[in-house]
1. Cβ-Cβ under 9 Å, sequence separation 6+ or interchain: first residue in region 136-151 and of a type in the set (Phe, Trp, Tyr), partner part of a helix (DSSP H, G or I). Which pairs?
2. For residues in region 201-222 being closer than 16 Å to residue 297 by Cβ and surrounded by 22 or more Cβ atoms within 10 Å (Cβ to Cβ), which is farthest from the ligand (Cβ to nearest atom)?
3. Working carefully through the options 225, 262, find the one that is of a type in the set (A, V, I, L, M), more than 16 Å from the ligand (Cβ to nearest atom), under 20 Å from the mean Cα position of the chain (by Cα) and at negative phi.
4. I'd like the full set of residues that are closer than 16 Å to residue 231 by Cα, within 12 Å of the ligand (Cβ to nearest atom) and not aliphatic (A, V, I, L, M), limited to region 165-195.
5. Among the residues that make up region 240-252, is at least one of them more than 15 Å from the ligand (Cβ to nearest atom) and touching a residue at least 12 places away in the same chain (Cβ under 8 Å)?
6. Go through (1) within 16 Å of the ligand (Cβ to nearest atom); (2) closer than 22 Å to residue 111 by Cβ one by one and return the number of the condition residue 198 breaks.
7. Filter region 94-134 for residues that are more than 13 Å from the ligand (Cβ to nearest atom) and among the charged types (D, E, K, R); which is nearest to residue 179 (Cα to Cα)?
Amino acid sequence: MNFNKNFNDIAENYLFAEVADRVSAYAAKHPDKKIIKLGIGDVTLPLASEVIKAMHGAVDDMSKSESFKGYGPYEGYSFLRDSIRGYYLSNGVQIDSGEIFVSDGAKSDLGNILDIFSKDNVVLVPDPVYPVYVDTNLMAGRKIIFADANEQNGFLPMPDYSVNADIIYICSPNNPTGAAYTKDQLKEWVDYANKKGAVILYDAAYECFISDEKLARSIFQVNGAKTCAIEFCSFSKTAGFTGTRCGYTVIPHDLKKDGVSANKLWFRRQATKFNGVPYIVQKGAAAVFTPQGQKEIKSNLAYYKNNAKVIAECMDRLNIWYTGGANSPYIWLKCPNGMKSWEFFDYLLNNAQVVGTPGAGFGKNGEGFFRLTAFGNEAATKEAVLRIEKLLTK
Ligand code: PLP
């Protein structure tokens, strides 16, 4: 037996472990200090009551032989796929329910989708980036090239026709930078992908934070995307499903290469390796799209968006350069006074007892930047901002 040697190429996942270690060491030394964590990427508000009600009803269904459910469809129940189709329609996007695959979350699908692509594809990933794109490709032994995201391009790299890529990752609104592409900018990526015969793997996990009409909520709002893109979406940040687990992937029927359909390959892959998302969870997810469900999740999103605004306004007052905040739960700021990411982490922890995430952990271009998140408690976020402002105006 031999292990997969590609694992040697993957960096130790030390970012959040190192953050946790430094925070515990500080807390042990200063038990009297109240630490505020603005580093988490997890939601904190509970599930909407409409979702809970639907899941309770689904549990009851399982208790009666006439409504009991065993194995469900690999691609998800039609009641949920139809609701997702309706949601897309409300954003001006027409897709067929057969193009929607329900899963246990975007992370799984983003990793698993690679099963349908040849190993010799060249992968283009923005830097900095959500680490899953890089690590899943390294595990499979694929060659990765990076698109530089930086202050000059507002952390939104645009296509370079001198670069030949086969698989292109785009995450918008982005984790960690909070930057989001306009529909016009995405059109340039779609044109590039169609020209090169490449596929765009579009991560829309944070689309629900978009309120600016110019920005894309779905890559399928852009003409030409159906022949070159797959979209990954999730109930995690939209509706607090990080622990409940549900997401969906849209693979258009028109996405083909040499007559082979990506949709068919993915169905075949899922039928072999996946047995569907629990009925109870899918019932909860479908409740998100009811009028009452939408009202409740929008109120939760408004809570997070207000936290983001509070942080962004603090950066404005301090004259600190940042991306995100307005259409994203993330604020990606340039560390003040030329500090490096970890230097600023220690400075904030030691002097303001506020925890964020060092940008250097997301790629080489993240050095000198820092991520704050809006998923915390409102009062704690306001307190953190006061502390940061006091420290940086000293
Ligand atoms: N994509 C991005 C960009 C994320 O930041 C996350 C989670 O933080 C995910 C996907 C994972 O989503 P899920 O919880 O649906 O697996």
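1. 146/134; 146/364; 146/365
2. 217
3. Result of the check over 225, 262: 225.
4. 169, 171, 172, 173, 174, 175
5. Looking through region 240-252, at least one residue is more than 15 Å from the ligand (Cβ to nearest atom) and touching a residue at least 12 places away in the same chain (Cβ under 8 Å).
6. (1)
7. 127
Yes/no per residue for (1) surrounded by 24 or more Cβ atoms within 10 Å (Cβ to Cβ); (2) over 30 Å from residue 83 (Cβ atoms); (3) at pLDDT 95 or above:
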| position | (1), (2), (3) |
| --- | --- |
| 298 | no, no, yes |
| 302 | no, no, yes |
| 334 | no, yes, yes |
| 366 | yes, yes, yes |
| 370 | yes, yes, yes |
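The values are calculated or read from the model by the stated rules, or taken from the named source; none is laboratory data. Please read these numbers as outputs of a predicted model, since none were measured by experiment. As a convention, Cβ positions derive from the backbone with ideal geometry for all residues, glycine included, and neighbour counts pool all protein chains shown.
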